[in-house]
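Throughout, read-outs are computed from the coordinates displayed, never taken from laboratory work. The model shown is predicted, which means the values in this text are computed figures rather than measured ones. Cβ placement follows ideal geometry from the backbone for every residue including glycine, while neighbour counts extend to all protein chains displayed.
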Amino acid sequence: MIRTDEQYKRLQKGLKTGVAGIVLNSLLALGKLTAGCLYGSVAILTDGVNNLTDAGTSAVAVAGFAVSLKKPDEAHPAGYSRMEYICGLLVSCILCVSAVSLMKSAVVHCIAGFRSGYAAVVPSPLLAAILASSLVKLFLAGFSSAANAYVQSDLLKGIATDSLIDCGMTAATVIAVFLSPVVMIPLDPLVCIPGAVYIGYTGAKMALENIRKLL
């Protein structure tokens with residue numbers, strides 16, 4: 001049985017990791033959503049929405065860890081540890097809804113793009129900056145993984161895995177946006193489709209894991 005002081009340290013570490021995720025993902029989302037709106041790139045917008053969803057995931061993780069820190073009382077003599085799993089289930093729902101929304105948006109813009117032949121043109125320096133932003137996600141992945149080595153939480157494990165794969169998604173987004181004007185094919189909405197599938201898969205998997213732990 002884990003000692004109370006060790007449990008407290010575990011939750012504190014999870015709390016700090018969640019706060020870092022909120023701050024970093026919110027900054028990334030703000031920059032990418034602004035760039036996507038200014039230059040009409042669906043892929044950059046999708047990447048920004050994904051970062052915004054990640055910030056929401058971190059916020060729910062923080063709430064879960066914060067509530068779990070509460071001491072047992074008359075209403076909850078066993079404590080609030082299960083709140084972590086309930087928050088994980090809420091995060092999975094957010095991910096699934098986001099996946100459906102992104103998939104719908106990607107398909108609509110794919111059809112419109114192929115009909116019009118329009119491809120968003122984004123300045124190369126801005127694309128380089130967006131590509132460099134993947135280093136932030138790489139840092140967050142390493143930071144979350146290091147924290148989870150002690151915390152052993154599905155929430156942090158999901159954040160670390162998602163951050164790592166986001167690096168690849170950002171790189172694919174930049175390549176697609178860069179090549180779209182060259183080949184005159186709207187590649188950027190096409191990149192959104194596997195991204196939406198991955199987000200949906202992650203949400204469904206997380207939901208099943210948390211339901212299993214709650215039952």
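Some notes on this structure:
- Projecting the Cα atoms of A160, L135, V197 onto the dipole axis of segment 127-215, where Lys and Arg carry +1 and Asp and Glu carry -1 at the beta carbon, places A160 farthest toward the positive end.
- Proximal lysine pairs, the chain, alpha carbons under 23 Å, eight or more residues apart or interchain: 24
- The chain, relative contact order [Cα under 8 Å, separation at least 6], %: 28 percent
- Seen through its C-alpha gyration tensor, with square-root eigenvalues sorted a ≥ b ≥ c, segment 103-215 comes out oblate because a/c lies at 1.5 or above while a/b is not bigger than b/c.
- Only the Cβ atoms of Lys and Arg (+1) and of Asp and Glu (-1) were treated as charged; on that basis the dipole of the chain about its Cα centre amounts to roughly 240 debye.
- Length gained on full extension, A132 to V107: 6.2 nm, using 0.36 nm per residue less the C-alpha separation.
- A straight chain from I193 to L38 at 0.36 nm per residue would run longer than the Cα-Cα distance by 53.6 nm.
- In this simple spin-label approximation, I185 and Y8 carry label points 7 Å from Cα along the Cα→Cβ vector, and these lie 6.0 nm apart.
- A simple count of charges around D47, restricted to other residues whose Cβ falls under 15 Å of its Cβ and scoring Lys, Arg +1 and Asp, Glu -1, yields -2.
- Added length on full extension, which subtracts the Cα-Cα distance from 0.36 nm per residue, A149 to Y201: 16.3 nm
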